[in-house]
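Participant: Following this message is one structure expressed as structure tokens.
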Amino acid sequence: MQVSERNEAHELATRQVGAFLARRREQLAQRWADVPLFRTVFTLSRDEAVEASKAVVDALAAVASSGRPEDVAAAGFGAVRDQLGRMAASRARSGSSPARIAEEVAALRSPATELLLAEFSDPSEPQARESVLALTVLMGTLRLVVMETALNAGEDLIARQREQLLEVATPVIRLWDGVVAVPLIGTLDSARSQVVMESLLETIVAQRARYAILDITGVPTVDSLVAQHLMKTVAAAQLMGAECILSGIRPAIAQTIVHLGIDLGPVTTRAGLADALAYALGRLGIEVSPRTTAAVRR
């Protein structure tokens with residue numbers, strides 16, 4: 001058989017598979033509803049599993065009818081990508097590995113092949129073999145779509161979780177009326193600096209804060225990049241009408257700042273958080289004095 005004839009036969013078989021899927025939609029959906037991929041996700045109602053199966057059958061029929069069974073970006077898959085992603089994510093949350101999910105998708109091929117072969121009087125005839133081959137290619141593409149969608153969903157989830165961790169790791173604390181503080185701990189990179197700036201500015205507006213303390217006691221090192229991030233945060237806070245106070249500069253970090261030639265002249269600095277708070281309270285007209293021994297005994 002010539003290459004062109006072979007391609008024509010494969011294209012014809014693919015379109016026939018598309019017609020088969022559209023014709024046997026109900027029967028195939030009923031069988032798929034009992035396959036682990038659908039049964040374990042739609043546990044409350046079998047009808048939901050059947051409807052979800054029908055949506056996938058419709059997508060496969062559309063892809064096959066378009067003559068693009070190998071194309072993971074085929075328009076037909078667009079309608080079910082979200083659903084497939086949710087299903088794969090649900091299986092992953094229940095402890096299924098990517099290999100297991102791939103096997104569950106592959107298990108959809110057997111019921112479809114049985115129904116397809118039942119359409120032929122002789123399952124061994126060339127047309128039947130071509131149709132089974134086209135269906136196999138189509139189901140293989142479906143498996144790739146599921147895994148691609150699941151991986152993308154996983155990356156989105158990781159990105160959201162990372163953002164949430166950054167927010168948790170950079171809390172803005174209200175110390176007094178008009179005074180807020182951000183205790184920074186760990187390495188300060190560009191992503192985290194952006195979260196610090198956004199959280200601080202939002203809190204300054206919400207609390208109508210006049211003083212914002214950036215405490216870097218827990219920052220292990222300060223280089224030119226970290227200093228740049230701190231200066232941007234200070235400048236942004238000042239634009240919002242709050243004076244920024246930098247506290248917790250340890251001797252080693254002070255030497256590094258001097259060595260790098262970083263100018264902190266415009267920034268108010270204090271040795272520790274307590275000193276910074278005392279400064280802010282003093283600027284607010286609140287006098288802080290130590291308790292006497294007699295007062296402690298009472």
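Participant: What residue, of Ala227, Ala235, Ala181, is in a strand (DSSP E or B) and either buried (at least 18 other Cβ atoms within 10 Å of the Cβ) or at pLDDT 85 or above (or both)? Break it down stepwise before answering.
Facilitator: Working: Ala227 fails: in a strand (DSSP E or B); Ala235 fails: in a strand (DSSP E or B).
Testing whether each residue is in a strand (DSSP E or B) and either buried (at least 18 other Cβ atoms within 10 Å of the Cβ) or at pLDDT 85 or above (or both) leaves just Ala181.
Participant: Restricting to the range 110-127, name every residue that is touching a Leu at 6+ places or on another chain (Cβ under 7 Å) and at pLDDT 90 or above. Before you say what the answer is, go through the steps one by one.
Facilitator: Quick first cut of the range 110-127, residues touching a Leu at 6+ places or on another chain (Cβ under 7 Å) only: 111-113, 115-116, 123.
Scanning the range 110-127 gives Pro111, Ala112, Thr113, Leu115, Leu116.
Participant: Of all residues in the range 82-107, count the ones that are surrounded by fewer than 20 Cβ atoms within 10 Å (Cβ to Cβ) and within 16 Å of the chain's Cα centre (by Cα). Walk me through how you get there before you give the answer.
Facilitator: In the first step, residues of the range 82-107 are kept if they are surrounded by fewer than 20 Cβ atoms within 10 Å (Cβ to Cβ); the result is 82-83, 86, 89-90, 92-100, 102-103, 106-107.
Cutting the leftovers down to within 16 Å of the chain's Cα centre (by Cα) gives us 82, 86, 89-90, 92-93.
Qualifying residue count, the range 82-107: 6.
Participant: Look through Leu37, Leu28, Leu60 and report the one residue that is assigned to a helix (DSSP H, G or I) and over 28 Å from the mean Cα position of the chain (by Cα). Spell out the reasoning first.
Facilitator: Values: Leu37 fails: over 28 Å from the mean Cα position of the chain (by Cα); Leu60 fails: over 28 Å from the mean Cα position of the chain (by Cα).
Just one listed residue meets the conditions, Leu28.
Participant: Here are some conditions: (1) modelled with pLDDT under 85; (2) in contact with a strand residue (DSSP E or B) (Cβ under 7 Å, 6 or more places away or on another chain); (3) β-branched (Val, Ile, Thr). Thr187 meets all but one. Which one does it not meet?
Facilitator: (2)
Participant: So which residues in the range 258-283 are surrounded by fewer than 17 Cβ atoms within 10 Å (Cβ to Cβ) and part of a helix (DSSP H, G or I), if there are any at all?
Facilitator: Val258, His259, Leu260, Ala274, Asp275, Ala278, Gly282, Arg283
Participant: Here is a further query. In the range 11-57, what residues are within 17 Å of Leu117 (Cβ to Cβ) and among the polar types (S, T, N, Q)?
Facilitator: Thr14, Gln16, Gln27
Participant: State yes or no: is Gly18 surrounded by 19 or more Cβ atoms within 10 Å (Cβ to Cβ), of a type outside the set (D, E, K, R) and touching a residue at least 40 places away in the same chain (Cβ under 8 Å)? Break it down stepwise before answering.
Facilitator: On the way: surrounded by 19 or more Cβ atoms within 10 Å (Cβ to Cβ): yes; of a type outside the set (D, E, K, R): yes; touching a residue at least 40 places away in the same chain (Cβ under 8 Å): yes.
Yes: the conditions hold for Gly18.
Participant: Every residue in the range 67-79 that is of a type outside the set (Phe, Trp, Tyr) and in contact with a Ser or Thr (Cβ under 9 Å, 6 or more places away or on another chain), please.
Facilitator: In the first step, residues of the range 67-79 are kept if they are of a type outside the set (Phe, Trp, Tyr); the result is 67-76, 78-79.
Result: Gly67, Arg68, Pro69, Glu70, Asp71, Val72, Ala74, Ala75, Gly76.
The values are calculated or read from the model by the stated rules, or taken from the named source; none is laboratory data. Computed from a prediction, not measured in an experiment: that's the story for all the values here. All Cβ positions, glycine included, derive from the backbone under ideal geometry; neighbour counts span all protein chains shown.
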